[in-house]
Amino acid sequence: MDEDDNSRGGNRREDGDNPRRDDDTEAGDTPAETSASTEDAVSAEDIDIQASIGPDTDTPADDLDQHKDPDVGLDKVVLNDDEGSKGLFDDLLAGEPIFENKEVLRPSYTPHELPHRTDQINQMATILVSALRGETPSNILIYGKTGTGKTASAKFVSQELESTSQKYDVPCEVEYINCEVTDTQYRVLAQLANKFIEKNVERIEAEQDRLDEMRTRATEDPNALAETPYDSIAEIDERADELAADADEMETVPMTGWPTDRVYTTFFDAVDYKERVVVIMLDEIDKLVEKSGDDTLYNLSRMNSELDNSRISIMGISNDLKFTDFLDPRVKSSLGEEEIVFPPYDANQLRDILQHRADVAFKGGALTDDVIPLCAAFAAQEHGDARRALDLLRTAGELAERGQADTVEEAHVRQAQDKIELDRVVEVVRTLPTQSKIVLFAIILLEKNGVRNINTGEVFNIYKRLCEEIDADVLTQRRVTDLISELDMLGIVNAVVVSKGRYGRTKEISLSVPIDETEAVLLTDSRLGDIESAQPFVQARFDN
Ligand code: ADP
Ligand code: MG
C-alpha cells in the first residue's frame, strides 16, 4: 500500500513536466500587438464581444454574495457550552437514512460475486491453474472497455489463486500493478523488485526465527537435533550466517536514480531467490505502452529463458482493443498467447449487477421500482459501463438523501445523470491545454452572440483576437482545425462537415455542453481569466 502511495506521489510530480503543457506555458513570449493595431483592424460591423463577457463577469461575484448569506450571522454559529450544540446536524440526521452501507457502491469496493463474468473468470482460472501445479501458465491478454469488470474479475481470480496456493502449500504468487499509476519501466520493475525483496526478507526472517529456536533446543538437549535437518549446531550457525548474508544483499530499489539495468537485475535476482511461479498482472497495460513503449514487456517476456528457480507469467489488461498494434511483434505474440474479451454489459446484465449491490447498499424499501432499470438503461447507453451504473445509483441515493426524501425516485436518477455528465465536462474542460481552451472560448463567444452554423474561419478569427489579448502564441488555422476536431472527439463540441457546393466544404460547429458552466470553468484558468479584465475591448469581425 505504502509503495503504491509513493509511486502515485512521484507520478504527480512528473506529470508537471508533461510536454504538452510546456508548449502552452511558453506561449506567453510573443510580443503583444498594440491595442491600436487591433482597433485599426476593426470595422463598423464588428460585434463587441466585451458586451457579452461583461454581464457574466458579475455572475461569480453574485454567487459568492449568495454564499455569504446574511442570515447566517456569526453570532448564530457560536457554540453554546450549556447545550453542547445548536442542532446544525440534527435536521440532517433526522431524515430516514437511505443508505445501509454506501461503501458498497464505491469503485474501491471489491464485490464477492461478479454476475455475468463467470465465463471470463473460468477462462482465466483454466489457464492459471498450471501455476498451482508448478508449471508456467500461458501469458494472458484481457481486453474490454472501461467498466466491463476486468479489474474486479482479475482481482477476484488473483485472490482465489493465492488462497488456493496457500491451502495446498504450493509456491505461487500474484503481483498486481496498476500501470496508470506505475507508468514507466523503472517504476514497474522497481515496484516488482521491492515487493519480492519484501517477501524474501519476510521468509528469511521466519527461517532465522526457526533456526534460533532449533539452536536453543539443541543446546539444551543434543537429541533434539535429530528432529532438524541439521547434524550439528555448527551447521545451524552456518545456515544462519548464509541467511544473514542474503538479507544483507537485499537492497530495496529507490523510486528514482538507479540505471534501469540495475533495477532489472535486482528484480531478476529477487524473483529467482526461490522456486516459485509468479503471475504478474499489469492492469491498464495500454497506458504503460502509450507512455513508455514496450521495453518493460519485452524484458519481462524474455525472463523465463534466464530464470533458474522461478517462472513468471504475465496477465495484461487493456481498455484499448488495438493497443497491440504498437507492440514489437515478438512481444505481441508472447503476450497474447491467450486472449480473453470482456464484452460490454447490456441493460439487463447491468440491472442484475446493480440489484446485487443495492441489496447491501440501501435500506429495505429505499429504492422505488424504476430506479435500478433507469440506472441500467443510462449506463447501457454509456457503452455498458458498470462503473457508470454504480456511480449513478450512488449519486441518485445521495441526492435523495440531501433532499431529505424517504425514497430514491426516478427524478433523482435523472438529476444524477445530469450531475455526472456535468462533472465529466467540467473535468475535461478544466484539464484541456490552454490553446484548446482558447479555441473553446471562441466558440462560446460566437454562440453567445447568436451566431448559428459557426464555421472554422469564424472560430479562428475570434481565437486570434483572444490570443492577442492574453499574449498567447497564435497557432495556424490548420492547427486550430485540429484542436476543434479534438474537442469534437471529447464530446465538447459537435463539428459536422457540410458541403458548400462549389465553395468546397466547411465545418459547422456547435457547443454540445452547457454554455454557462463551461464558460465558468474556462474562466477559472488564470490565463483566460485575464480576458475578463482585459482592456481595451476584445472586438472581432464576423466574416459572414
Ligand atoms: P474495468 O476494470 O473493466 O474498467 P472494473 O472491474 O473496475 O471495470 O468495474 C467497474 C465497477 O463495476 C467496479 O466497481 C466493479 O466492482 C463493478 N463491476 C463490474 N462488473 C461487475 C460484475 N459483473 N458484478 C458486480 N460488479 C461489477
Ligand atoms: Mg480496470
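The values are calculated or read from the model by the stated rules, or taken from the named source; none is laboratory data. What you are looking at is a predicted structure, and each value in this text was computed from that prediction instead of being measured. Note that each Cβ is placed from the backbone with ideal geometry, even for glycine, and that neighbours are counted across all protein chains shown. Surface areas here come from the heavy atoms of the whole protein model, side chains and all, with no ligands, DNA or RNA. Shrake-Rupley method; radii C 1.70, N 1.55, O 1.52, S 1.80 Å.
Here is a list: Thr456, Thr476, Thr434. Which entry is open to solvent by 10 Å² or more (accessible area, probe 1.4 Å) and under 16 Å from Thr506 (Cβ atoms)?
Numbers: Thr476 fails: under 16 Å from Thr506 (Cβ atoms); Thr434 fails: under 16 Å from Thr506 (Cβ atoms).
None of the others qualify; the one that does is Thr456.
Return the residue satisfying two criteria in turn: it lies in the stretch 99-126 and is among the charged types (D, E, K, R), open to solvent by 80 Å² or more (accessible area, probe 1.4 Å) and at pLDDT below 95, and of such residues it is farthest from ligand 1 (Cβ to nearest atom). Full working, then the answer.
First, pick out the residues of the stretch 99-126 that are among the charged types (D, E, K, R): 100, 102-103, 106, 113, 117, 119.
From the residues that got through so far, the ones that are open to solvent by 80 Å² or more (accessible area, probe 1.4 Å) too are 100, 103, 113, 119.
Going one step further and asking which of them are at pLDDT below 95, we end up with 100, 103, 113.
Numbers: Glu100: 17, Glu103: 11, Glu113: 7 Å.
By that ranking, first place goes to Glu100.
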Inset, instruction - Go through (1) modelled with pLDDT of 85 or more; (2) surrounded by fewer than 18 Cβ atoms within 10 Å (Cβ to Cβ) one by one and return the number of the condition Leu88 breaks. - result: (1)
Legend entry - Pick from the stretch 137-183, criterion touching a residue at least 40 places away in the same chain (Cβ under 8 Å), open to solvent by less than 30 Å² (accessible area, probe 1.4 Å) and of a type in the set (Ser, Thr, Tyr), ranking: nearest to ligand 1 (Cβ to nearest atom): Thr148
Inset, instruction - Could you tell me which numbered condition Thr296 fails, if it satisfies all but one of (1) modelled with pLDDT under 95; (2) surrounded by fewer than 22 Cβ atoms within 10 Å (Cβ to Cβ)? - result: (2)
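For Thr265, state whether it is over 19 Å from Glu306 (Cβ atoms), among the polar types (S, T, N, Q) and open to solvent by 60 Å² or more (accessible area, probe 1.4 Å). Step through it out loud before you land on a result.
Details: over 19 Å from Glu306 (Cβ atoms): no; among the polar types (S, T, N, Q): yes; open to solvent by 60 Å² or more (accessible area, probe 1.4 Å): yes.
Considered against the rule, which asks whether it is over 19 Å from Glu306 (Cβ atoms), among the polar types (S, T, N, Q) and open to solvent by 60 Å² or more (accessible area, probe 1.4 Å), Thr265 comes out as no.
For every residue, the table says whether it meets (1) at pLDDT 95 or above; (2) in contact with a Ser or Thr (Cβ under 8 Å, 6 or more places away or on another chain); (3) among the basic types (Lys, Arg).
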| site | (1), (2), (3) |
| --- | --- |
| Val188 | yes, yes, no |
| Leu192 | yes, no, no |
| Arg217 | no, no, yes |
| Glu227 | no, no, no |
| Ile233 | no, yes, no |
| Ala240 | no, no, no |
| Lys274 | no, yes, yes |
Inset, instruction - Just need a number here: residues in the stretch 96-121 that are in contact with a strand residue (DSSP E or B) (Cβ under 8 Å, 6 or more places away or on another chain) and part of a helix (DSSP H, G or I). - result: 1
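Scan the stretch 103-117 and tell me whether some residue there is away from ligand 2 (no atom under 14 Å from the Cβ) and polar (S, T, N, Q).
Looking through the stretch 103-117, none of the residues is away from ligand 2 (no atom under 14 Å from the Cβ) and polar (S, T, N, Q).
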Inset, instruction - Would you please list the contacts, defined by Cβ atoms under 6 Å and residues six or more apart or on different chains, that run from a residue in the stretch 310-336 that is crowded, with 21+ Cβ neighbours inside 10 Å to a residue that is of a type in the set (Lys, Arg)? - result: Ser310/Arg276; Ile317/Lys150; Thr324/Lys332
Legend entry - Condition check for Arg217: open to solvent by 40 Å² or more (accessible area, probe 1.4 Å), in the same structural domain as Tyr273 (by the TED database) and assigned to a helix (DSSP H, G or I): yes
